[in-house]
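Enquirer: Encoded as structure tokens, here's the structure I'll be asking about.
Just so you know, all these numbers are worked out from the coordinates, no wet-lab data involved. Model, not experiment: these values are computed from the prediction. Note that each Cβ is placed from the backbone with ideal geometry, even for glycine, and that neighbours are counted across all protein chains shown.
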Amino acid sequence: MTVPAADDPTGELRAFLDRSPSPWHVCAAASAILDDAGFARLDERQPWPSDAGVAYVVRGGALIAWRIGATRDAAIRVVGAHTDSPGLRVKPRPDTGRAGWAQLGVEIYGGVLLNSWLDRDLGVAGRVVRPGGDEQLVDVRRPVARVPQLAIHLDRDVNERGLVLDRQAHLTPVWASSSMSFDSWIAERAGIDRAAWWELCLYDVQPAAVLGADDSLLASGRLDNQVSCWAATAALASSGPADQTQLIALFDHEEVGSASTTGAAGPFLETVIERLVGPDRDALHRCMAASSCVSADNAHAVHPNYPERHDAGHAPMVNHGPAIKLNANQRYATSADTAALFERACDDAGVPSQVFVSANNVPCGSTIGPLTATRLGIATVDVGVPQLSMHSARELCGVRDPGWLRRALTVYLAAT
């Protein structure tokens, strides 16, 4: 299956992934798309102009963008996603080492597949803050650090008993063979005198790539959930005016529970909607009751080596369209009517869709969907591109599904 060039978004998506090694870079990449589409960037701390009908705001590693509908209290079509991915974060005082090696102290962020970070060439990216409070993005896009695995000669039964990693002792990367000062090094790379504080991610510097004998697969770090961030941003940027308000919310901190000022459990989306609708509380509540949300976060594709981990009747496949995700225990916010809403969008877009339900003996994950539905009372459907190797340093999905998700979201945002 060779994907026709006209329906192949992987060039745009791969560029987005490669530009986005941290949540703050995701917001920068999304901002660039919105800027090109004529969106105005607003400051939350300032009054918003009355004509700010096509605009966006950035708060840390989160971004909300919108196109106002026919009236300010019109129903809202929301697409939610998240900018963060599990990985290794550089500690505030990272200089450490043993046996003559210079090492970096790291903190594990989110539900990481630890073994996937071994023996990878790691760069450093994120944001640094000067002593005066000014913030600057930094991306050292070259091999800087590595978490070396113990040789099999020194751990001969590892293949029989399985690899066991101590999070504190075994995940500390080496980054030099002589003494180094990380704060001086990162300040020089950022082009500043001194970095007082930082939020920095290690990441695999291998670029996103199409693979497979039939060029049908896409491999990259952070597919979960930057595929959805890209699809949501591209859909909003390419859509036109509609009766309803179109809005995307790219949250941070989903992988650690969303409880932050930039997470879905925080007030960011609610305050933006209140400012867009205006001070009339009754109008706000009418708006919420008429609105809907697509929570886009990747789904588990059926794994050919572990088919018993899936429910055979609800195991999505790559390159068969986005999956509608359901869970009777409300780990996903999908209901029968919201599932039908997204399925109609797929049908109208000429996009196939699938259904994902976890096997009863495998715990179900969750997303921003239930949080958004609970906090705002907006009817929500959870959907996602099927993928393998979720929460690995390098993940895998089909090349067709991201473009299909973008097309379905474009129709959803514009549909009345």
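Enquirer: Please report, in debye to the nearest 20, how large the charge dipole of the stretch 80-234 is about its Cα centre when each Lys and Arg carries +1 at its beta carbon and each Asp and Glu carries -1 there. Could the numbers behind the result be given before it?
Expert: Details: 16 positive and 20 negative charges, 76 e Å.
I would put it at about 360 debye.
Enquirer: Do you know the relative contact order of the chain, to the nearest whole percent, from alpha carbon pairs under 8 angstrom that are 6+ apart? Spell out each step's value before the answer.
Expert: Numbers: 933 pairs, mean separation 95.6, N = 416.
Across the chain, relative contact order equals 23 percent.
Enquirer: For the stretch 197-202, just list the computed ³J(HN,Hα) in residue order, Karplus coefficients 6.51, -1.76 and 1.60, θ = phi - 60°, integers in Hz, with x standing in for Gly and Pro.
Expert: 9, 8, 10, 10, 10, 7
Enquirer: Helix 336-349 versus the longest principal axis of the chain: what angle, 0 to 90°, nearest 10, using Cα atoms?
Expert: Helix 336-349 sits at roughly 90 degrees to that axis.
Enquirer: Continuing with the same structure: For the stretch 181-186, take each phi angle, set θ = phi - 60°, evaluate the Karplus expression 6.51 cos²θ - 1.76 cosθ + 1.60, and give the result in whole Hz per residue in order, putting x for glycine and proline.
Expert: Per residue, the Karplus-derived 3J(HN,Hα) values read 10, 5, 5, 5, 5, 6 Hz.
Enquirer: With θ set to phi - 60° and the Karplus curve 6.51 cos²θ - 1.76 cosθ + 1.60, what are the ³J(HN,Hα) couplings of the stretch 163-173 in order, to the nearest whole Hz, using x for Gly and Pro?
Expert: With the stated coefficients, the stretch 163-173 comes to 7, 10, 10, 7, 4, 7, 8, 10, 10, 7, x Hz.
Enquirer: Now for a separate question. Work out Dmax and Rg for the stretch 1-151 from the C-alpha atoms and quote the Rg first, both in angstrom.
Expert: Answer for the stretch 1-151, Rg first and Dmax second: 20.0, 67 Å.
Enquirer: Would you mind calculating the gained length between residue 308 and residue 210 on full extension (0.36 nm times residue separation, minus the Cα-Cα distance), in nm to one decimal? Walk me through the numbers before you get to the answer.
Expert: On the way: separation 98, 0.36 × 98 = 35.28 nm, distance 2.79 nm.
Contour length minus the Cα-Cα distance gives 32.5 nm.
Enquirer: Next question. Between the helical axis of 400-414 and the dominant principal axis of the chain, each derived from Cα atoms, what acute angle in degrees is found, rounded to the nearest 10?
Expert: 30 degrees
Enquirer: Quickly estimate the mean residue ellipticity at 222 nm for the chain, helices only: each DSSP H run with n ≥ 4 gives -39500 (n - 2.57), and the total goes over all residues, rounded to 500. Kindly include the intermediate steps, with their values, before the conclusion.
Expert: Numbers: 10 runs with 109 residues, N = 416.
Value at 222 nm, helices only, nearest 500: -8000 deg cm²/dmol.
Enquirer: How about the stretch 49-79: which trypsin sites (Lys or Arg not before Pro) there are in a DSSP loop, with at most 10 other Cβ atoms within 10 Å of their Cβ?
Expert: On the way: sites: 59, 67, 72, 77; in loops: 72.
Nothing satisfies the criteria.
Enquirer: Grab the Cα-Cα distance for residue 275 and residue 121, subtract it from 0.36 nm times how many residues apart they are, and report the gain in nm with one decimal. Walk me through the intermediate numbers first.
Expert: Values: separation 154, 0.36 × 154 = 55.44 nm, distance 4.45 nm.
Taking residue 275 through residue 121 to full extension adds about 51.0 nm, to one decimal.
Enquirer: Next up: Roughly how far apart, in whole Å, are the Cα centres of the stretch 195-218 and the stretch 53-108?
Expert: 16 Å
Enquirer: For the pair residue 328 and residue 44, how long in nm is the line joining their label points, each one 7 Å along Cα→Cβ?
Expert: Distance between label points: 3.9 nm.
Enquirer: With charges set only on the Cβ (+1 for Lys and Arg, -1 for Asp and Glu), what does the dipole of the stretch 1-90 come to about its Cα centre, in debye to the nearest 20? Let's see the in-between values first.
Expert: Values: 9 positive and 11 negative charges, 60 e Å.
So the dipole magnitude of the stretch 1-90 works out to roughly 280 debye.
Enquirer: I've got another one for you. If you project the alpha carbons of the stretch 236-332 onto their three principal axes, what span does each projection cover, largest first, in Å?
Expert: 55, 32, 26
Enquirer: Relative to the first principal axis of the alpha-carbon coordinates of the chain, what is the inclination of helix 223-238, with its axis defined by its Cα atoms, in degrees from 0 to 90 and to the nearest 10?
Expert: 40 degrees
Enquirer: So how far, in whole Å, is the C-alpha centre of the stretch 112-147 from the one of the stretch 299-322?
Expert: 32 Å
Enquirer: What ranking of 397, 364, 346 emerges when the number of other C-beta atoms within 10 Å of each C-beta is taken as an exposure proxy, fewest first? Write down the numbers at each step before the final one.
Expert: Values: 397 27, 364 18, 346 23.
Ascending number of Cβ neighbours within 10 Å: 364, 346, 397.
Enquirer: Loop only by DSSP, 10 or fewer other Cβ within 10 Å of the Cβ. Give me the trypsin sites (Lys or Arg not before Pro) in the stretch 84-162 that pass, ordered by residue number. Could the numbers behind the result be given before it?
Expert: Details: sites: 89, 98, 120, 127, 141, 146, 156, 161; in loops: 98, 120, 156.
In loop regions of the stretch 84-162 (DSSP not H, G, I, E or B), the sparsely surrounded trypsin sites (Lys or Arg not before Pro) are 98, 156.
Enquirer: To continue, here is another question. Roughly what % antiparallel, to the nearest 5, for the DSSP beta bridges in the chain? Don't skip to the answer; put the middle values down first.
Expert: Details: 49 of 73 bridges.
Bridges in the chain that DSSP calls antiparallel: roughly 65 percent.
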